[in-house]
Amino acid sequence: MAIGKVAIQNLAIVVDSSCCLPQDLVRTWHITVVPHELVVGDRTYLDGVDIQPAEFYRLLSSGRDRITTAAPSPQRFAEGFAAAAEIAPIVLCLTLSANFSMTHGSAVAAANSTGGANVTVVDTGAAAGSLGLIALAAARSSASNQPLDVVLEQVYVLAAKVELVAFLDTLKYLGRGGRIGPLQGWAGSMLGIKPVTGLRMGEARLLGRPRSRARATQRLLDIMGERARGEPLVVNVLEAGAAEEAQELGDAVATNFDCRELIVSKFTPVMGAHTGPGLLGLAFHTDYNSPVDEKGD
């Protein structure tokens with residue numbers, strides 16, 4: 001921590017920008033977000049910094065430029081760790097699954113290059129809104145000055161519980177943005193459908209092949225109901241250029257489930273580059289009794 005700076009809590013949370021957390025929650029809970037890079041034609045953007053979802057999905061839909069993504073560099077993570085050290089003397093960095101990105105390796109390299117004594121890096125096995133829910137719970141515990149071992153236990157429990165289910169409006173973007181692991185192999189055999197996919201503990205699975213958005217949306221709700229078994233839930237509704245449908249999906253979730261917390265988020269550009277516009281999804285976990293009613297300073 002820099003000389004003259006006073007920590008506001010014992011532990012600070014760093015997460016990469018694939019987390020899809022709304023900015024108001026990032027600010028409230030003092031979360032440091034390290035941006036991925038997007039290359040649109042001959043121009044490079046920092047995800048969520050100098051390009052926002054609405055602008056990005058317009059560019060993506062136009063199809064004029066080739067779009068690729070890149071994980072944050074070790075230097076970018078080092079800068080994030082330095083910023084987090086202004087908040088707390090101990091830093092916990094949570095990354096999306098190493099099965100889908102080089103992000104985790106980049107964060108580890110950054111921690112090692114800075115000595116790493118006060119930086120812990122965890123591969124959550126999650127992505128997008130599910131990573132965001134883990135980071136949010138960790139940040140809330142950190143704000144109440146829980147020690148690192150307690151927050152880590154919570155992270156590992158949630159990493160094993162949290163799930164992301166979503167459907168794509170089109171398959172044509174799969175593989176265009178870079179490394180996407182097993183998802184790419186599905187593209188050739190599912191023309192004309194809205195594939196429902198699930199991501200849990202670093203593994204992507206195909207969960208349904210509906211042929212309409214309405215049926216795909218209902219499938220998301222059915223899957224979450226099967227997983228919840230009547231337990232209280234924390235839910236993040238995700239959308240990529242489908243705000244009205246996301247609001248309707250959120251209303252359905254609020255009506256049909258016992259939600260301890262319901263968030264509606266925009267699918268961040270670095271994730272949307274791989275899925276295309278029109279995605280709807282649900283990230284969720286059964287309640288961990290995180291202190292959602294308390295506020296950060």
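Does Asp251 qualify as being of a type in the set (Asp, Glu) and modelled with pLDDT of 90 or more?
yes
In a helix (DSSP H, G or I) and surrounded by fewer than 23 Cβ atoms within 10 Å (Cβ to Cβ): does that describe Arg64?
Numbers: in a helix (DSSP H, G or I): no; surrounded by fewer than 23 Cβ atoms within 10 Å (Cβ to Cβ): yes.
No; evaluated as a whole, the condition is false for this residue.
Considering the range 245-267 alone, what residues qualify as being of a type outside the set (A, V, I, L, M), outside any strand (DSSP E or B) and farther than 24 Å from Arg58 by Cβ?
Asp251, Thr255, Asn256, Phe257, Asp258
Determine whether the range 165-174 contains at least one residue that is modelled with pLDDT under 95 and out of contact with any Pro (no Cβ under 9 Å at 6 or more places or on another chain).
Looking through the range 165-174, at least one residue is modelled with pLDDT under 95 and out of contact with any Pro (no Cβ under 9 Å at 6 or more places or on another chain).
Cβ contacts < 7 Å: first residue within 23 Å of Gly272 (Cα to Cα), restricted to the range 67-85; second residue in a loop (DSSP other than H, G, I, E, B) and hydrophobic (A, V, I, L, M, F, W, C), any location; separation 6+ or different chain. Result?
Ala71/Met102
Out of all the residues in the range 81-102, is one or more assigned to a helix (DSSP H, G or I) and either of a type outside the set (A, V, I, L, M, F, W, C) or outside the structural domain of Ser17 (by TED's automatic domain parsing) (or both)?
Among the residues of the range 81-102, not one is assigned to a helix (DSSP H, G or I) and either of a type outside the set (A, V, I, L, M, F, W, C) or outside the structural domain of Ser17 (by TED's automatic domain parsing) (or both), which makes the answer no.
Restricting attention to the range 150-169, which residues are crowded, with 23+ Cβ neighbours inside 10 Å and assigned to a strand (DSSP E or B)?
Across the range 150-169, the qualifying residues are Leu164, Val165, Ala166, Phe167.
The values are calculated or read from the model by the stated rules, or taken from the named source; none is laboratory data. Please read these numbers as outputs of a predicted model, since none were measured by experiment. Here Cβ is always computed from backbone atoms with ideal geometry, including for glycine, and neighbour counts include all displayed protein chains.
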